[in-house]
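Since the structure comes first, as structure tokens, the remarks are kept for the end.
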Amino acid sequence: KRKCDAEHGTGTVIIGFGNESFDCSGGVIEDIVMHPIEFAPAVERCMKELDEQNTVCLTFPTAFFGAEELVLDTIASVIGERNIPVAGSSCGNEKEGRGTYVSYNGTVYPAASIFLFVHNKNGRVAVVKKDMFIPMRTEFRATSVNPRKRIIYELDGKPAAMELARQLHFELHELDSNEGGHLDDYGLGRMIGRELYTTDIARITREKGLEMLATVYGGTRLCLLKRGKYDSFLPDVIASVRKNISKPGFVLYVNCISLTKYYKSVDWLGVFCAGISTPAPIHAGISGFGEQLGRANINKTMLAVAFE
């Protein structure tokens, strides 16, 4: 069910997992900034209540605390090598307020994460990641960072924002999104093994650093990304869902709020919403302030959790 105030961009989305098709068990990881690991036993109790096969763990942390990676580490410490995928969305809204909250069983939490194990009684579960942002040929090494504040100070030993602007052939003021620049058209991809995880650049700092929306650690290999063609992105999403599960009964989509805003700006959101409804008879969608996949917190990415 969905109730939305279109004028003010606020609303409530209710997604129900019926007990005829799903078994669910969940709880809350509190104090995600300092001590989320203390809630690992609660995660383990919930996991053990369900059959591990055909089960996914969904995460919903509050945004702007920079703690998504700590939440994912807590869940990973419990799941270990079990074949339980993790996917989720940081909670926020289109108004971009710095205060975000989650609620569980009537209690509201300002710095916490809901976790929910969902077991599909009808078959498999698959999590699909699709990126609209595509790699360019430029690569960097993050040589000076503040992981806690999510700031990259230097790329290859040079001031990060200046080096980014140089590689893109922009003056710094042309790049800065605070001055109507091109920053939203680009991102940095963290290269972890063979996977590339999109990381959004929030702003340029006074020190000519880059404040990111996901944590980047010192020594991380980074690839410069640019926005791809949105109209070719949709068929790729649909094909990827069907490739993993040919006839899903339900698909939960997790989209980045910046992509949703972009679709609105190019008058394409209606086409996008109609398109993602085609793989399954029932679907639901969330737009949040960050996406979680496995142990990675990412941005500007779409996830599809498909249930057979």
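Might you let me know whether segment 261-269 holds any residue that is at pLDDT 95 or above and either open to solvent by less than 40 Å² (accessible area, probe 1.4 Å) or closer than 18 Å to Ala87 by Cα (or both)? Scanning segment 261-269, I find no residue that is at pLDDT 95 or above and either open to solvent by less than 40 Å² (accessible area, probe 1.4 Å) or closer than 18 Å to Ala87 by Cα (or both), so the answer is no. Of the residues making up segment 123-136, those that are open to solvent by 70 Å² or more (accessible area, probe 1.4 Å) and either in contact with a strand residue (DSSP E or B) (Cβ under 6 Å, 6 or more places away or on another chain) or without any contact (Cβ under 8 Å) to a residue 60 or more places away in the chain (or both) number 1. Of the residues making up segment 277-308, those that are over 8 Å from the mean Cα position of the chain (by Cα), within 20 Å of Ala67 (Cα to Cα) and not in a loop (DSSP other than H, G, I, E, B) number 3.
The one condition from (1) buried (at least 19 other Cβ atoms within 10 Å of the Cβ); (2) assigned to a strand (DSSP E or B) that Thr74 does not meet is (2).
Yes or no: Cys273 outside any helix (DSSP H, G or I) and touching a strand residue (DSSP E or B) at 6+ places or on another chain (Cβ under 9 Å)? If you could, list the steps in order and put the result at the bottom.
Numbers: outside any helix (DSSP H, G or I): no; touching a strand residue (DSSP E or B) at 6+ places or on another chain (Cβ under 9 Å): yes.
So Cys273 fails the test.
Got at least one residue in segment 156-171 being open to solvent by 70 Å² or more (accessible area, probe 1.4 Å) and among the aliphatic types (A, V, I, L, M)? There is at least one residue in segment 156-171 that is open to solvent by 70 Å² or more (accessible area, probe 1.4 Å) and among the aliphatic types (A, V, I, L, M). If you go through segment 109-122 one residue at a time, do you hit one that is in contact (Cβ under 8 Å) with a residue 24 or more places away in the chain, surrounded by fewer than 14 Cβ atoms within 10 Å (Cβ to Cβ) and of a type in the set (Ser, Thr, Tyr)? No, that holds for no residue.
All of Phe140, Phe117, Phe170 fail the test of being outside any helix (DSSP H, G or I), modelled with pLDDT of 95 or more and closer than 26 Å to Lys229 by Cβ, apart from Phe140. Between Gly66, Gly80, the distinction of being on the phi > 0 side of the Ramachandran plot, free of Cβ contacts under 8 Å to residues at least 24 places away in the same chain, among the small types (Gly, Ala, Ser) and open to solvent by less than 60 Å² (accessible area, probe 1.4 Å) belongs to Gly80 only. Looking at Cys57, Cys46, just one residue is within 20 Å of Ile286 (Cα to Cα), touching a residue at least 60 places away in the same chain (Cβ under 8 Å) and not in a loop (DSSP other than H, G, I, E, B), and that residue is Cys57.
Within segment 238-250, can one find any residue that is part of a strand (DSSP E or B), within 18 Å of the chain's Cα centre (by Cα) and touching a residue at least 60 places away in the same chain (Cβ under 8 Å)?
Filtering segment 238-250 down to residues part of a strand (DSSP E or B) leaves 250.
Retained after the next criterion (residues that are within 18 Å of the chain's Cα centre (by Cα)): none.
Checking segment 238-250: not a single residue is part of a strand (DSSP E or B), within 18 Å of the chain's Cα centre (by Cα) and touching a residue at least 60 places away in the same chain (Cβ under 8 Å).
The values are calculated or read from the model by the stated rules, or taken from the named source; none is laboratory data. Just so we're clear, the structure is a prediction, and the values are computed from it rather than from any experiment. Note that we place each Cβ from the backbone using ideal geometry, even for glycine, and neighbour counts take in every protein chain shown. Note: areas computed on protein heavy atoms with side chains; ligands, DNA, RNA excluded. Shrake-Rupley method; radii C 1.70, N 1.55, O 1.52, S 1.80 Å.
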